[in-house]
Amino acid sequence: MKQERKTTYNTFAVLFYINRQKVKKNGLCPLMGRISINTEVAQFSTKMEVQPDLWDAKAYRLTGKSRIVKETNAKIDRLEEDIRRYYKEILDEQGYITAELVKNAVNGIGQHKRKLLELYREYMEDFAKRVGINRALSTLRSHKTSYCNLQNFIREHYGIEDIPLKQLDYSFIEKYDNYLRVEREFSGMTIENHIIMLKTMTRTAMAQGTIQYNPFASFSPEKALRKHRHLTTDELQRLMNTPIREKFLCFVRDLFVFSTFTGIAYADMCNLNVSNLDTDSQGNLWIRFKRQKTKSECNILLLDVPRGIMEKYECERKSDKLFNMPCRSAMTNNMPKLAKLCGIERQLTYHMARHNFGTLITLSQGVPLETVCQMMGHKNMSTTQIYARLTHQKVDEDMKKLTKRIGTKFRMPEWNKDKENIKNIHYGQGNHYNQ
């Protein structure tokens, strides 16, 4: 049915002309375009101006060999190519075509990005404008990395520079997952993040009406095992007590410990100011600020350890900033050195400090999940549950407390081996029967 409708539109023409009625002060005339489809005509401005005596009304181009003539004719060539491409794309997608639709496409009216990477670039441009307002720079960097991986995948596996959104299907995301997992050898967590970002693009395409359904909606990558993203008590003790001679590495260690006892992320550490400090009526010192990532309010009581670290570096402040924070790369490069020096065999990252706070410092010590959620600046409890993993030590302590509370309140039936029957069955106090 769709093909039959196409064959009826057998007249399509594009031409250019100059408006001699509107000669500018510089002697140039505006160059106009005209799109004709069957009996319908749509005119538009090319936003170009030309010398009227050089215009060839039959060839729809300028005559001459000057640089300006060549550049203008090249622009007209590209514009005509775009118009013919818009004609084909709109007809393929919608099954019908009008001169007005093509004109709107030329002027960028009502036309959305129809290819995946094209849409992704537009998405990142919009995202970049909102960085510092309600978007984080770190997330933008993650999108740029994800874009590069997606671009390489499309080039290597499809042999093209971009892929139409309407051609995306379930097999695409399966192949992409396999590419990230096998060829790039990414970790499960990294793969999961790239898949989430790809799904964001198809949801965006759905919202703008480019595609009617999300072809990736039912796809779920193999979940990464997330365990022990925090230090053990022994590892933290070693990190805090190991003598460090190098001054900068000692500073890195102290910042990590400060974040461990406050749960403050690197980006927020960079923004901390002395104005964020607040002393309550009882003399307790608090840090109060809004998280850069979520804009959530955080109110954190300074314990003795972070308070001591803050006082240690107070005389070295160069501004109102609480700490002279090193750049992220300097922190990242020194974390492996710190781990090796302190005898920590697994990978150490600065973000681990937040997990330390959520487990060792708060949740394992009986701080309620709701309180931890507020201090860490999470928007919902589910995020806190991911960060604040229960330790084996906490489970062991809780079960010992439970054992003491229960005592002999609940008892299993006593088995009489001689008579092979059950006697004196007790379920709680005063409830029993004899068989």
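Read-outs: derived from the displayed coordinates by stated rules, not from any lab. The structure displayed is predicted, hence computed values, not measured ones. Reconstructed Cβ throughout: ideal geometry from the backbone, glycine too, with neighbour counts over all protein chains shown.
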Checklist outcome for this item: In region 204-301, the GluC sites (Glu not before Pro) that sit in a DSSP loop and have at most 13 other Cβ atoms within 10 Å of their own Cβ are E222, E246
Checklist outcome for this item: With the charge dipole of region 2-106 built from beta-carbon charges (+1 for Lys and Arg, -1 for Asp and Glu) about the Cα centre, the Cα from A57, L91, V23 projecting farthest to the positive end belongs to V23
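Which chymotrypsin sites (Phe, Trp or Tyr not before Pro) does region 47-119 hold that lie in a coil by DSSP with at most 14 other beta carbons within 10 Å? Please report the intermediate quantities before stating the final value.
Working: sites: W55, Y60, Y86, Y87, Y96; in loops: Y60, Y96.
Passing sites in region 47-119 are Y96.
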Checklist entry - Which value, in debye to the nearest 20, describes the size of the charge dipole of the chain about its Cα centre when Lys and Arg Cβ atoms bear +1, Asp and Glu Cβ atoms bear -1, and nothing else is charged? => result 460
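So how do F12, F289, F261 line up by other beta-carbon neighbours within 10 Å, fewest first? Mind dumping the intermediate values first?
Numbers: F12 17, F289 20, F261 24.
Ascending Cβ contact count within 10 Å gives the list F12, F289, F261.
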Next on the checklist: Checking a compactness column here: for region 2-106, what do you get for Rg(Cα) / (2.2 N^0.38 Å), N being the number of residues?
Outcome noted: 1.19
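Once a ≥ b ≥ c are taken as the square roots of the eigenvalues of the Cα gyration tensor of region 252-298, is the result rounded (a/c under 1.5), prolate (a/b larger than b/c) or oblate (a/b not larger than b/c)? It would help to have the intermediate numbers written out before the result.
Working: a/c = 2.07, a/b = 1.24, b/c = 1.68.
Oblate is the answer for region 252-298, as a/c is 1.5 or above yet b/c matches or exceeds a/b.
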Item to check | For peptides 63-73, 200-210, sequence by mean Cβ density within 10 Å, most packed first | outcome: 200-210, 63-73
Item to check | Stokes-Einstein translational diffusion, the chain - Kirkwood Rh over all Cα pairs, 0.890 mPa s, 25 °C, in µm²/s | outcome: 86
Checklist entry - Angle between the Cα long axis of helix 392-406 and the longest principal axis of the chain, 0 to 90 degrees, nearest 10? => result 50
Checklist outcome for this item: Placing one equal point scatterer on each C-alpha of region 233-390 and summing with Debye, one gets log10 I(q)/I(0) at q = 0.09, 0.13, 0.15, 0.20 Å⁻¹ equal to -0.28, -0.60, -0.81, -1.45
Checklist entry - What pairs from K24/K115; K88/K175; K312/K401 go past 32 Å between their alpha carbons? => result K24/K115; K312/K401
Item to check | Sorted peptide list for 358-365, 42-49, criterion being average Cβ within 10 angstrom, highest first | outcome: 358-365, 42-49
Checklist entry - How large, in Å, is region 268-331 by the Kirkwood hydrodynamic radius built from its alpha-carbon pairs? => result 12.8
Checklist outcome for this item: Going fewest to most other Cβ atoms within 10 Å around each Cβ, H230, H351 line up as H351, H230
Checklist outcome for this item: Computed over the chain: longest principal axis from alpha-carbon atoms vs helix 247-260 long axis, angle to nearest 10 degrees, is 80
